[in-house]
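Asker: Input: one structure, supplied below.
The values are calculated or read from the model by the stated rules, or taken from the named source; none is laboratory data. Everything quoted here is computed from the prediction, not taken from an experiment. Neighbour counts run over all protein chains shown; Cβ positions are idealised from the backbone, glycine included. Surface areas here come from the heavy atoms of the whole protein model, side chains and all, with no ligands, DNA or RNA. Shrake-Rupley method; radii C 1.70, N 1.55, O 1.52, S 1.80 Å.
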Amino acid sequence: MDFKNSLFVCALSASFLAACQSANDKTPQAAVAKKTDSVAKQAPVASVAKSELIAVKAPLDFNGFWNYYTSNIKLYENFVAHDVNGKVMDKEAFLKQMKTEHYLPMLLASAEPDPHYQLFRIPQGADPNIGTYMRQFAADELKYGQMKGKPIPAFSFKDVDGKLYTSANTKGKIVLFKCWFIGCVACVQEMPALNELVQQYKDRNDILFVSLAIDAKPELQAFLAKTKFDYATVPNQEHYMAEKLLVNAYPTHFLIDKKGLLVNVVSEEDAIASLLEREVAKN
């Protein structure tokens, strides 16, 4: 294969294989119901050593996969997509292939600033949940990719303290939405880190941290009386989140620029912190 900058499949290194055989207890945040059948083995790739391909044909356990994926793959970032043979392909086509539940992205080594990902066919015997999660993640990126750079759906929110936030009065400010509900364990677990993020930008009056919750005001007030959360919290937003923001997993974070345009959508607090830092650097 003719990879620019001598790309090679570092995802198939010994460290990845070890991770796939480990029992790391890292559970995903997004809830997925559907499962899929096992699929055929990956066709050999010319630039990968034969021994590495043989090793990868062993069944992949979900925890090992999850540890690798969350450490190396960031589909929300700009990236260069490669097909199973290493040829550069369209990003949308890449995600659509992932959505079939037959492929997962593997990190390629490159000297370029943007990461390179190659499609790799999920081996037969791998945990079927791997394909299920690939379908959801790809579908989310395709969906939010169409929303990026466009105005966030119009809103008018009143938080539990009575403060009003609208599409109009938030213009000129960077806005973060956190979508959540009280019963979401991951949503609550990330709150201390999000409080640190608010503290980091406490002197910036041009940044707003707003949480949109499914729960009603009385339940939220009772929760917030026991749990510190420094975002402004808006109750009863299930309809807006599901119908306007198209949220189907929690937590989900939206970053909106000063013009009211969507910058990015992510599910992890460390990712939203990194994206906010970049957005602040522009202003």
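Asker: Taking the conditions exactly as written (in a loop (DSSP other than H, G, I, E, B), modelled with pLDDT under 95 and either among the β-branched types (Val, Ile, Thr) or in contact with a strand residue (DSSP E or B) (Cβ under 7 Å, 6 or more places away or on another chain) (or both)), does Val84 satisfy them or not?
Answerer: Here the answer is yes, as Val84 does meet what is asked.
Asker: Being part of a helix (DSSP H, G or I) and open to solvent by 30 Å² or more (accessible area, probe 1.4 Å) is the filter here; which residues of the stretch 124-138 pass it?
Answerer: Pro128, Asn129, Arg135, Phe137
Asker: In the list Ser15, Ser6, which residue meets the criterion of being open to solvent by 80 Å² or more (accessible area, probe 1.4 Å), farther than 22 Å from Asp140 by Cβ, modelled with pLDDT under 90 and not in a loop (DSSP other than H, G, I, E, B)?
Answerer: Matching residue, one of Ser15, Ser6: Ser15.
Asker: If you don't mind, another one. Tell me, yes or no, whether the stretch 141-155 has at least one residue that is part of a strand (DSSP E or B) and either under 23 Å from the mean Cα position of the chain (by Cα) or of a type in the set (Val, Ile, Thr) (or both).
Answerer: Checking the stretch 141-155: at least one residue is part of a strand (DSSP E or B) and either under 23 Å from the mean Cα position of the chain (by Cα) or of a type in the set (Val, Ile, Thr) (or both).
Each row is one residue, and each column tells you yes or no for (1) at pLDDT 85 or above; (2) open to solvent by 60 Å² or more (accessible area, probe 1.4 Å).
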site	(1), (2)
Thr36	no, no
Ile54	no, yes
Ala58	no, no
Tyr103	yes, no
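Asker: For Asp230, all conditions in the list (1) surrounded by fewer than 20 Cβ atoms within 10 Å (Cβ to Cβ); (2) closer than 17 Å to Lys202 by Cα; (3) of a type outside the set (Ser, Thr, Tyr); (4) touching a residue at least 40 places away in the same chain (Cβ under 8 Å) hold save one; what is the number of the exception?
Answerer: Every condition holds for Asp230 apart from (4).
Asker: Something else about it: Filter the stretch 259-281 down to the residues that are assigned to a loop (DSSP other than H, G, I, E, B) and open to solvent by 60 Å² or more (accessible area, probe 1.4 Å), then identify the one that is farthest from Glu196 (Cα to Cα).
Answerer: Ranking the qualifying residues of the stretch 259-281, first place goes to Lys259.
Asker: Let me ask something else. Would you be able to say whether some residue in the stretch 84-93 is buried (at least 20 other Cβ atoms within 10 Å of the Cβ) and over 21 Å from Glu243 (Cβ atoms)?
Answerer: Within the stretch 84-93, one or more residues are buried (at least 20 other Cβ atoms within 10 Å of the Cβ) and over 21 Å from Glu243 (Cβ atoms).
Asker: Being exposed (fewer than 14 other Cβ atoms within 10 Å of the Cβ), over 30 Å from Asn67 (Cα atoms) and not charged (D, E, K, R) is true for just one of Gly162, Gly183. Which residue is that?
Answerer: Criteria check complete, one pass: Gly162.
Asker: List, please: which pairs have Cβ atoms under 7 Å, are six or more places apart or on different chains, and start with a residue in the stretch 193-219 that is more than 18 Å from Glu279 (Cβ to Cβ) and end with one that is in a helix (DSSP H, G or I) and open to solvent by 80 Å² or more (accessible area, probe 1.4 Å)?
Answerer: Within 7 Å, the pairs are Ile214/Glu238.
Asker: Right, here's the next one. Return the pair list, or none, for Cβ contacts closer than 6 Å from residues in the stretch 233-249 that are more than 22 Å from Phe223 (Cα to Cα) to residues that are part of a strand (DSSP E or B) and open to solvent by less than 90 Å² (accessible area, probe 1.4 Å), at least 6 apart or on different chains.
Answerer: Between residues of the stretch 233-249 that are more than 22 Å from Phe223 (Cα to Cα) and residues that are part of a strand (DSSP E or B) and open to solvent by less than 90 Å² (accessible area, probe 1.4 Å), the close pairs are Val247/Cys179.
Asker: Could you look through the stretch 186-227, keep only residues that are among the charged types (D, E, K, R) and open to solvent by 30 Å² or more (accessible area, probe 1.4 Å), and pick out the one that is nearest to the chain's Cα centre (by Cα)?
Answerer: Out of the qualifying residues, it is Glu196.
Asker: Is it fair to say Asn264 is closer than 20 Å to Lys74 by Cβ, of a type in the set (S, T, N, Q) and at pLDDT below 95?
Answerer: So Asn264 does not fit the description; no.
Asker: Could you please let me know if Val160 is farther than 16 Å from Leu245 by Cβ, in contact with a Ser or Thr (Cβ under 7 Å, 6 or more places away or on another chain) and either assigned to a loop (DSSP other than H, G, I, E, B) or of a type outside the set (Lys, Arg) (or both)?
Answerer: yes
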